[in-house]
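Below is one structure, written out as structure tokens, with a few remarks after it.
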Amino acid sequence: MPTTVREVRAKAGEEPITMLTAYDAVTAELVDEQGIDVILVGDSVGNTKLGYDSTLPVTVDQMATATEAVVRATEDALVVADMPFLSYGHDETKSVENAGRMLKEAGAHAVKLESGPHTVELTETMTQLGIPVMAHLGLTPQRVNQLGYARQGTTQEAAEEMLELARAHEEAGAFSLVLEHVPANVAADVTGAVDIPTIGIGAGPDCDGQVLVVDDAVGLSDWTPSFVEEFGNVREAMTDAIGAYRDAVESGEFPAEEHSHVEGDLDTLY
Ligand code: KIV
């Protein structure tokens, strides 16, 4: 049985929650096999896989396709689908339909909304309709044109606003809260102020869980933010393997005899 939102919620303050992104079946299988609690099909797919320079162009269809692939390969983790830019927030019916697709068609267990004052009511509506919502405060990359990628919650006023929004989303029914790129002391205060688990990325050690973009965590990205630790060097391993393949084809070493099959009766075709 996959992990449930109730199980993730119950881990708050008890055990660290692990979350990684995945956008395809192979990666999801590897992440799931390692016992990661939550797989986020992030709209970071726009930057990591689709070649966009922000998450803004990502569509509901692209998110649904990636989510389906992840769900097919996942046995144990909770799968959360990110709602892409402008697929929610402006029209409640459309927002619910789009989020509903992630559960009905793609098989996700929950959705994530980049949150603000405009998502409190929507979080309540979705939760009441049976769509579990993960909230997201701090740096919200869909607001790149207003905020850039700067650390958030760095003034007393901004930190207090974040705390209020965290409480409002908890009250609205969100089952967890991502805190992205905020000072560690602010994340610690927010974590202490709500009962739902906070999951930090660039938010220090006091959150209830941690999330990273999988490409960053395994060392596949060509650039990573300062708060990322690379736990492998997949980029170098892939570069070496691709170069070795090119060399082997160019030198005639590949394919060798063991890679080829000769059918005895077909010695002379002409
Ligand atoms: O899209 C994403 O990968 C995210 C995480 C960075 C939390 O929202």
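For region 153-163, take each phi angle, set θ = phi - 60°, evaluate the Karplus expression 6.51 cos²θ - 1.76 cosθ + 1.60, and give the result in whole Hz per residue in order, putting x for glycine and proline.
Per-residue couplings from phi come out as x, 9, 10, 3, 5, 5, 5, 5, 4, 5, 4 Hz.
In straight Cα distance, which aspartates and glutamates are under 19 Å from residue 49, not counting same-chain residues fewer than 8 positions off?
Partners found: 24, 29, 61, 68, 82, 215, 216, 222, 230, 236.
Report D for region 34-124 in µm² per second (integer): Stokes-Einstein, Kirkwood Rh on Cα pairs, 25 °C, 0.890 mPa s.
184 µm²/s
Taking θ as phi - 60°, what are the ³J(HN,Hα) couplings along region 212-223 by the Karplus curve (6.51, -1.76, 1.60), each to the nearest whole Hz, with x for Gly and Pro?
9, 5, 4, 4, 5, 5, 8, x, 9, 6, 7, 8
Go through region 28-34 residue by residue and turn each phi into a ³J(HN,Hα) via Karplus (6.51, -1.76, 1.60, θ = phi - 60°); whole Hz please, and just put x for glycine and proline.
After applying 6.51 cos²θ - 1.76 cosθ + 1.60, I find 4, 4, 5, 5, 5, 4, 7 Hz.
So what's the back-of-envelope 222 nm ellipticity for the chain, counting only DSSP H runs of four-plus at -39500 (n - 2.57) apiece and dividing by all residues, rounded to 500?
-12000 deg cm²/dmol
Give the calculated FRET efficiency between residue 265 and residue 184 to the nearest 0.05, with a Förster radius of 51 Å applied to their Cβ-Cβ distance.
After rounding, the FRET efficiency stands at 0.10.
Angle between the Cα long axis of helix 184-193 and the longest principal axis of the chain, 0 to 90 degrees, nearest 10?
Between helix and principal axis, roughly 60 degrees.
Summarise the accessible area of the chain (1.4 Å probe, protein heavy atoms) by the percent that is carbon and sulfur.
51 percent
Non-local amide H neighbours of residue 3 (under 5 Å, H modeled in plane, Pro and chain starts lacking H): which ones?
77, 78
Just tell me which lysines come within less than 23 Å, Cα to Cα, of residue 11; anything on the same chain fewer than 8 places away is out.
Leaving aside lysines fewer than 8 places away in the same chain, those within reach of residue 11 are 112.
Please report, to one decimal in angstroms, the Kirkwood hydrodynamic radius of the chain built from all distinct Cα-Cα pairs.
After inverting the pairwise mean of 1/r, the radius is 19.8 Å.
Taking a probe of 1.4 Å, how large is the accessible area per residue of region 144-197, in Å²?
Here the per-residue accessible area is 48 Å².
Which whole-angstrom value gives the distance between the alpha carbon centres of region 153-190 and region 1-72?
Centre-to-centre (Cα) distance: 22 Å.
Could you tally the net charge around residue 236, taking each other residue with its Cβ under 15 Å from the Cβ of residue 236, Lys/Arg +1 and Asp/Glu -1?
-4
Relative to the longest principal Cα axis of the chain, at what angle does helix 92-104 sit, 0 to 90 degrees, rounded to 10?
40 degrees
The values are calculated or read from the model by the stated rules, or taken from the named source; none is laboratory data. This is a predicted model, so every value here is computed, not measured. Methodologically, a virtual Cβ is constructed for each residue, glycine included, from the backbone with ideal geometry; neighbour enumeration extends over all protein chains shown. Calculation scope for accessible area: heavy atoms of the full protein, side chains included, ligands and nucleic acids excluded. Shrake-Rupley method; radii C 1.70, N 1.55, O 1.52, S 1.80 Å.
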